[in-house]
Amino acid sequence: MFRRVSLAAAVFFVTTLPGQAGFQSWSVDKESDPFSGGESVSVNFMTTLRSGVLVLCDSAKKGLRVRAIPGFDYDQRLENYKPTLKFAFDGKLLFTAEGETGSVGNNLAAAEVNLEGDQAKQFVEAFAAAKRQIAIDDGIADKPHLLTARGSTSSGSAIVSCIAKQGSPS
């Protein structure tokens, strides 16, 4: 009996711990940026300790930045590579955009793109409206980031608000 209870508890903690640790769902951080004078909004989805997606917006600047981190080490062969990032929401391709490669953190490879104008607006609206899945192909990994839409409504409203503030005087 003790073994069954122990096994059941272990399975419960292994399956719920990633959700409790901020993994496998979208989260948002907002703070005033004293350097830009705007509000900095960071939306992220961490799939592991080494991989995930970040959406960064500053209300005092134009557009937003989407950064995908596939989880492998940066290699010099990526230095001048211009990946094509693809964005799909609930199974429908929204658009593609040419990005850049670089490294983040402890030398992890990353692909990022700056979205401005109509593309930024389309992205945040589709993000906030996503019901099932947000998919991002970073153009450098062997498979796309297939992310649940869990948490995208509240995170999406934060980046929609950030983009809306960019066009208005403070």
Could you pull out the pairs from LYS62/LYS86; LYS86/LYS165; LYS30/LYS165; LYS86/LYS121 whose alpha carbons sit more than 24 Å apart here?
LYS86/LYS165
Please list 128-141, 71-84 highest first by mean number of surrounding beta-carbon atoms within 10 Å per residue.
128-141, 71-84
Scoring only Lys, Arg, Asp and Glu (+1, +1, -1, -1) among other residues with Cβ under 9 Å from the Cβ of GLU112 yields 0
P(r), alpha carbons of the stretch 130-170 - 10 Å bins starting at zero, rounded %
26, 34, 30, 10, 1
Heavy atoms only, probe 1.4 Å: what % of the accessible area of the stretch 26-113 goes to carbon and sulfur, would you let me know?
47
Averaged over every viewing direction, what's the projected area of the C-alpha convex hull for the stretch 52-169? Give it in nm², one decimal, please.
7.2
If you bin every alpha carbon distance in the stretch 84-129 into 5 Å steps from zero, what whole percent lands in each bin?
5, 19, 25, 21, 15, 11, 3
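The values are calculated or read from the model by the stated rules, or taken from the named source; none is laboratory data. Quick caveat: nothing in here was measured; it's all calculated off a predicted structure. Every residue, glycine among them, receives a Cβ derived from its backbone with ideal geometry; neighbour counts consider all protein chains shown. Remember, those area values only see protein heavy atoms, side chains included, never the ligands or the DNA or RNA. Shrake-Rupley method; radii C 1.70, N 1.55, O 1.52, S 1.80 Å.
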